[in-house]
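Encoded as C-alpha cells, the structure appears first; notes follow it.
The values are calculated or read from the model by the stated rules, or taken from the named source; none is laboratory data. All values derive from a computational prediction rather than experimental measurement. Cβ atoms come from the backbone with ideal geometry, glycine included; neighbour counts cover every protein chain shown. What goes into the accessible areas is simple: the full protein's heavy atoms, side chains included, and nothing from ligands, DNA or RNA. Shrake-Rupley method; radii C 1.70, N 1.55, O 1.52, S 1.80 Å.
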Amino acid sequence: MASIVGVIFSSIVEQNIPELTKVRATGAVPFGGRYRLVDFALSNMVNSGITSVGVITKYNYQSLMDHLGSGKYWDLARKEGGLVILPPYSGESETVYKNRLEALKGATSFLKKAKEDFVVLADSDAVYRLDYSKVIEAHIKKNADITMVYHKHELVKSHYYMTFETNKTGRITDIQINPATSGEKKNYINVMVARRSFLLGLIQDAIQHGYSSFGKDILSPGVKKYNLCAYKFDGYYANINSLNAYFNANMDLLKKEVRHEIFGERDVYTYVNDSAPAKFADTAVVKNSLISDGCLIEGTVENCVLFRGVKIGRGAVVKNCILMTDGFVGENCNLAYVVSDRSVVIRDNRVLAGCEIQPYFINKGSLI
C-alpha cells in the first residue's frame, strides 16, 4: 500500500454558511446529532489507512481543537505522525491565509517533514464516505500528476465552486471556476491527490511567481502543462454550502438508505461524550427522528434531528427541525422547519416556523 499523508482544510469556505460559522470553524459545525463536519473527512482518512493528518485551522477554531483533542478517538494519538493542528499562517507571516494556496504555503513545513509519498487534500464542508486509497490506486495507474475527485450532480452555485470536463481516458481537458451555466456537471468535491514532492514543487513555484489562487493560477492553466486526471465518486455526497443544504443533509439521515451508506460498512469516528441515555415520558410521541443521548422528550417530535441534551416540554409539537446541543423547548410550543444552534431556550407557548427551502434559524444561546 502506498504511504499517504492527509491535509484537511477546516474552514476554507466559511462564507457559504455564515449562520453556523460565525462562532466556529466549518469543520466544527455540528451535524447529525453527535458529529462535527470534520469527522467525515477525518474518518475517511483513518479508514483509508492514513495515520498522519494535518488539520489547517483559521478563525474561531477553539471548538474545533476541543473536539479533536489529541486525536485519540480517531486512533491518531501517536508519537510519530498522528493528528497535527496547523496554525492559520506560516512562520514567515502573521497574517491569516485568505485562500487555499496561502493555506498550503503555511502547511509547507508540515509537508516537508512528512515521509509519505502521497498527499490527500480534503475540505471539511461535506458529508460522504470515500476510500482515499482507491483514489491513490487510480492516480498511480494513470501516472497522474494530480487526481481530482468529482461527483456528478446538478450544479449548486455558492461562494466558490469548480467543475471540469474530461476526455474518454479520464484526463481533465478543461476546468471552469464559478461557471455561469447550470445543469448536471462534473463537480469537483475538493478532494485531491498528488505526490508530496510534486505538490511541494507547485507550492514553491507559486511562491516564486507570486501566485494567489490555487485554482486560477495553478489548476486551470495546468490542464495543458500537467497530467490532471479525474476520479468519479458515485456515492452519497452532500456539500454543506448553505443553511438550506445543511438542513437537507441532516434530513437525509432520516432515510435508511443514506444512513446505511454513510455509517453502514465503516465507522464515522467522533468525540465521545458519556451522556445518560435519552428519556421518553409517557406523554412523548416520536416518529422518524434521530434522538441523541441526554435528551428528555415529553412532547411530540416528528422528522427531527435532536442533539445531546435537548429537552422538549409537554404539549410541544416539533416537526422537521434540527435542535443542537442543550436546546430547550417549553410546553405547548409549535415548531416547524427550525434550525437552532447550541443552548437555545424557547419559552412556553411559542410558535416558530420556516419552510423546507428556508428554515428558520436561531442563533447560539438565544432566549425566545
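Name every residue in the range 10-26 that is part of a loop (DSSP other than H, G, I, E, B) and of a type outside the set (Lys, Arg), in order of residue number.
Residues satisfying the conditions are Ser10, Ser11, Ile12, Val13, Ile17, Val23, Ala25.
May I ask you to list the residues in the range 125-140 that are under 24 Å from Ile240 (Cα atoms) and of a type in the set (Val, Ile, Thr)?
Val127, Val135, listed by residue number.
Would a scan of the range 225-233 turn up a residue that is over 25 Å from the mean Cα position of the chain (by Cα), at positive phi and modelled with pLDDT under 95?
Checked the range 225-233: no residue is over 25 Å from the mean Cα position of the chain (by Cα), at positive phi and modelled with pLDDT under 95.
What number goes with the only condition from (1) part of a strand (DSSP E or B); (2) hydrophobic (A, V, I, L, M, F, W, C); (3) open to solvent by 20 Å² or more (accessible area, probe 1.4 Å) that Phe198 does not pass?
Here Phe198 meets the rest and fails (1).
Read through the list (1) open to solvent by 70 Å² or more (accessible area, probe 1.4 Å); (2) of a type in the set (Asp, Glu); (3) in contact (Cβ under 8 Å) with a residue 12 or more places away in the chain, then give the number of the only condition that Asp341 fails.
Unmet condition: (1).
Please go through the range 67-81 and pick out each residue that is touching a residue at least 24 places away in the same chain (Cβ under 8 Å) and either in contact with a helix residue (DSSP H, G or I) (Cβ under 9 Å, 6 or more places away or on another chain) or under 23 Å from Thr325 (Cα atoms) (or both).
Passing the criteria: His67, Leu68, Gly69, Tyr73, Trp74, Asp75, Leu76.
Name every residue in the range 156-178 that is exposed (fewer than 15 other Cβ atoms within 10 Å of the Cβ) and under 23 Å from the mean Cα position of the chain (by Cα), in order of residue number.
The answer is Val156, Lys157, His159, Asn178.
Step by step: first the residues of the range 344-368, then only those that are among the small types (Gly, Ala, Ser) and open to solvent by less than 40 Å² (accessible area, probe 1.4 Å), then the one that is nearest to Phe328 (Cα to Cα). Which residue is that?
Ser366
What residue, among those in the range 285-325 that are in contact with a Leu (Cβ under 9 Å, 6 or more places away or on another chain) and of a type in the set (D, E, K, R), is farthest from Gly33 (Cα to Cα)?
Lys319
How about the range 201-213: which of its residues are touching a residue at least 40 places away in the same chain (Cβ under 8 Å), touching an Asp or Glu at 6+ places or on another chain (Cβ under 9 Å) and part of a helix (DSSP H, G or I)?
Ala206
Restricting attention to the range 109-129, does a residue exist that is over 24 Å from the mean Cα position of the chain (by Cα) and open to solvent by less than 10 Å² (accessible area, probe 1.4 Å)?
There is no residue in the range 109-129 that is over 24 Å from the mean Cα position of the chain (by Cα) and open to solvent by less than 10 Å² (accessible area, probe 1.4 Å).
Among the numbered criteria (1) out of contact with any Phe, Trp or Tyr (no Cβ under 8 Å at 6 or more places or on another chain); (2) crowded, with 21+ Cβ neighbours inside 10 Å; (3) polar (S, T, N, Q), which one does Thr181 miss?
(2)
Considering Val53, Val96, which residue is in contact with a strand residue (DSSP E or B) (Cβ under 7 Å, 6 or more places away or on another chain) and either of a type in the set (A, V, I, L, M, F, W, C) or at positive phi (or both)?
Within the list Val53, Val96, the selection yields Val53.
In the range 237-259, what count of residues is obtained for those that are surrounded by 19 or more Cβ atoms within 10 Å (Cβ to Cβ), assigned to a helix (DSSP H, G or I) and not aliphatic (A, V, I, L, M)?
Of the residues in the range 237-259, 3 are surrounded by 19 or more Cβ atoms within 10 Å (Cβ to Cβ), assigned to a helix (DSSP H, G or I) and not aliphatic (A, V, I, L, M).
Could you please let me know if Asn239 is without any contact (Cβ under 8 Å) to a residue 24 or more places away in the chain and under 22 Å from the mean Cα position of the chain (by Cα)?
Answer is no for this residue.
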